[in-house]
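Comments concern the structure below.
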Protein chains: 2
Amino acid sequence: MIDNYPTRLPHAIAPIPRIEPTVWGTVADGPLNQGDLDGYSDAGHMLRRNTISDILIPELDDELRNIAASLDTADPRIIREADGSIRSIFEPHLISSVVKQIAELDTVLPVAQQLLGGDVYIHQARINYMSAFSSTGFYWHSDFETWHAEDGMPTMRAVSCVIALTENYPHNGTLMTITGTNRTFYPCVGATPASNHATSLAGQTVGIPDRETLTRAATRGINQFVGPAGTGFWFDCNTLHGSGSNITPFPRSNLFLVFNSVDNRLVEPFAAPGPRPDYLGAR
Amino acid sequence: MIDNYPTRLPHAIAPIPRIEPTVWGTVADGPLNQGDLDGYSDAGHMLRRNTISDILIPELDDELRNIAASLDTADPRIIREADGSIRSIFEPHLISSVVKQIAELDTVLPVAQQLLGGDVYIHQARINYMSAFSSTGFYWHSDFETWHAEDGMPTMRAVSCVIALTENYPHNGTLMTITGTNRTFYPCVGATPASNHATSLAGQTVGIPDRETLTRAATRGINQFVGPAGTGFWFDCNTLHGSGSNITPFPRSNLFLVFNSVDNRLVEPFAAPGPRPDYLGAR
């Protein structure tokens, strides 16, 4: 298989224009109108209010506590901050019927199918917690860069649906995306260490564009995902994103559902010694 | 002199309602109208567009480079980040005639005189730089708590005027204030170490309210200072404020001018071994 998006290289190479489209379906294929599709294709992200209804939010909140309580503390699907607090829980859709049900909502699954042009499956799902006062955030990266290099995802035909479980403010470490970066692949310098995922989920050291690249990439500015609990935010697998610190008294948590096209199933990793566990990249 | 605002204590004590007013002057005393004065008194902060005109900004930008270049690298008025980059330069108004001129603008000095009800002087001035990509921000504190404890400022009759020298976005580590906290003094636990200022300007360890206090203090929410270069932001000496990290490619810098009433001159520190240098608290 030809590697159109080389990365984790010994030397820097120029950015590579995206080959495949960002939007694979048409207006006829789902709930999004042409304006929605064009906007998403152009910016690489899209806000959707009321993705989860107010009725479902308290039920989900209970369910999240249940998930956290039900897992063994040594479960590798739990990622912790340096202080021991939970940062992420992976595979919530396989643990909780409520989370599974959310992935199948009319505001979720048909949108993913329309954006990706056909049947989809969940490549990865997680709940991200950002605790109040001391969370440090996460630096800029493209998910596709990681999924291509470490999971063997062949093409850019995947999308993340983020659903706010608490209000996301502009000041409490919300998800930021760099507008329009879905359209360019930024190859990164540095080989993938063995078992990189054991540390990379708390803070990446490879797969990070350099500062000059980020500066040039940000000419169209930075977007913040802001909205009350239940708000949905979709971003393309290749859109550069990150988050700042949270020193406010307001924790935030989001559910991430990553959909991949069934025509884009994982192969061997393109730039890593071996594949990651299934809870990070379903096979 | 009676200490109405005890702090740096061995044990926690309850918050103390503010005794003196936030606004000392009246509508007759300056350019602010009754709505401005009431809003500032209530919230503890106030945004003022076009505090510096577009014409003055490029001149100031040049002048800031001149100031940075003119100082000896060991000058104690320069505060650096861990990586050596400049975080703050103190006393720019005594080094640069352009900065002095800004403090005397019709959009600045008369506002300070009106808020504080009479003649004022500059207690402290600084330029704060927040570099792109890696700035870590500054945790919540009340300036008055420090100025009272370490500089001997008797009462809450001082105000900070912040002027944006670059655009302040909601995502690049902008100044956050906790609405309405000007009205309560939050005594802090922990004695002031000797020469605390030698380290506290890069990151405070004393003079920080605990997390429960901050959570209760934030019921009216958090305000961000956002605006293009030239925008002014006034906040009361006792308003709790802080800033998050900046991982964006957009550095930001602000000029801080702290005005104090001539009737509120410094005395001996209320909770520190000795006074700080003049560039931190003018005597």
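Tally up the residues in the range A:111-163 that are more than 30 Å from B:G221 (Cα to Cα) and part of a strand (DSSP E or B), please. Step through it out loud before you land on a result.
Here is the first cut: in the range A:111-163, the residues more than 30 Å from B:G221 (Cα to Cα) are A:111-125, A:141-159.
Within this subset, residues satisfying the condition of being part of a strand (DSSP E or B) are A:120-125, A:141, A:158-159.
The qualifying residues number 9.
I'd like to verify a number: residues in the range A:102-112 that are open to solvent by 30 Å² or more (accessible area, probe 1.4 Å) and touching a helix residue (DSSP H, G or I) at 6+ places or on another chain (Cβ under 7 Å), how many? Even if it seems obvious, please write down each step before you answer.
Here is the first cut: in the range A:102-112, the ones open to solvent by 30 Å² or more (accessible area, probe 1.4 Å) are A:104-107, A:109-110.
Within this subset, residues satisfying the condition of being touching a helix residue (DSSP H, G or I) at 6+ places or on another chain (Cβ under 7 Å) are A:109.
Final tally of qualifying residues: 1.
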*asked:* For the condition among the hydroxyl-bearing types (S, T, Y) and without any contact (Cβ under 8 Å) to a residue 40 or more places away in the chain, what is the one hit in A:T174, A:T192, A:T199, A:T184?
replied: A:T199
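Does at least one position in the range B:53-63 carry a residue that is modelled with pLDDT under 95 and surrounded by 19 or more Cβ atoms within 10 Å (Cβ to Cβ)? Quick ask: steps written out before the conclusion?
Restricting attention to the range B:53-63, the residues satisfying the condition of being modelled with pLDDT under 95 are B:53-63.
Within this subset, residues satisfying the condition of being surrounded by 19 or more Cβ atoms within 10 Å (Cβ to Cβ) are B:60, B:63.
Checked the range B:53-63: at least one residue is modelled with pLDDT under 95 and surrounded by 19 or more Cβ atoms within 10 Å (Cβ to Cβ).
Examine the range B:132-140 for a residue that is away from chain A (no Cβ under 14 Å) and on the phi < 0 side of the Ramachandran plot, and state whether such a residue exists. Before you say what the answer is, go through the steps one by one.
Residues of the range B:132-140 that are away from chain A (no Cβ under 14 Å), as a first pass: none.
The answer is no, given that none of the residues of the range B:132-140 is away from chain A (no Cβ under 14 Å) and on the phi < 0 side of the Ramachandran plot.
Assess whether B:V262 counts as being surrounded by fewer than 20 Cβ atoms within 10 Å (Cβ to Cβ), more than 14 Å from chain A (Cβ to nearest Cβ), in contact with a Pro (Cβ under 7 Å, 6 or more places away or on another chain) and in contact (Cβ under 8 Å) with a residue 12 or more places away in the chain. Talk me through it step by step, then tell me what you get.
Working: surrounded by fewer than 20 Cβ atoms within 10 Å (Cβ to Cβ): yes; more than 14 Å from chain A (Cβ to nearest Cβ): yes; in contact with a Pro (Cβ under 7 Å, 6 or more places away or on another chain): no; in contact (Cβ under 8 Å) with a residue 12 or more places away in the chain: yes.
Spelling it out, it is not the case that B:V262 is surrounded by fewer than 20 Cβ atoms within 10 Å (Cβ to Cβ), more than 14 Å from chain A (Cβ to nearest Cβ), in contact with a Pro (Cβ under 7 Å, 6 or more places away or on another chain) and in contact (Cβ under 8 Å) with a residue 12 or more places away in the chain.
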*Selected residue (criterion: nearest to the chain's Cα centre (by Cα)) from residues of the range B:178-198 that are more than 14 Å from chain A (Cβ to nearest Cβ) and buried (at least 24 other Cβ atoms within 10 Å of the Cβ)*: B:N182
*Among (1) farther than 30 Å from B:D106 by Cβ; (2) open to solvent by 10 Å² or more (accessible area, probe 1.4 Å); (3) more than 14 Å from every other protein chain (Cβ to nearest Cβ), which single condition is B:G207 missing?*
(2)
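Among the residues of the range A:81-112, which ones are among the hydroxyl-bearing types (S, T, Y) and within 30 Å of A:D38 (Cβ to Cβ)? Show your work before the answer.
To start, the set of residues in the range A:81-112 that are among the hydroxyl-bearing types (S, T, Y) comprises A:85, A:88, A:96-97, A:107.
Scanning the range A:81-112 gives a single hit, A:T107.
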*Considering each residue of the range A:116-127, count those that are buried (at least 20 other Cβ atoms within 10 Å of the Cβ) and farther than 19 Å from A:I52 by Cα, and give that number.*
4
*Exactly one condition in (1) open to solvent by 40 Å² or more (accessible area, probe 1.4 Å); (2) touching a His at 6+ places or on another chain (Cβ under 9 Å) is not met by A:N66; state its number.*
(2)
*What tally of residues in the range B:34-46 results from selecting those that are open to solvent by 70 Å² or more (accessible area, probe 1.4 Å) and either touching a residue at least 40 places away in the same chain (Cβ under 8 Å) or touching a helix residue (DSSP H, G or I) at 6+ places or on another chain (Cβ under 6 Å) (or both)?*
1
*Just give me the residues in the range B:151-177 being away from chain A (no Cβ under 14 Å), within 25 Å of B:P209 (Cβ to Cβ) and open to solvent by 10 Å² or more (accessible area, probe 1.4 Å), in sequence order.*
B:P154, B:T155, B:R157
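The values are calculated or read from the model by the stated rules, or taken from the named source; none is laboratory data. Note that the structure is predicted; figures quoted are calculated from it, not measured. Using ideal geometry, Cβ is built from the backbone for each residue, glycine included, and neighbour counts are taken over all protein chains shown. These area figures cover heavy atoms from the full protein model, side chains too; ligands, DNA and RNA do not enter into them. Shrake-Rupley method; radii C 1.70, N 1.55, O 1.52, S 1.80 Å.
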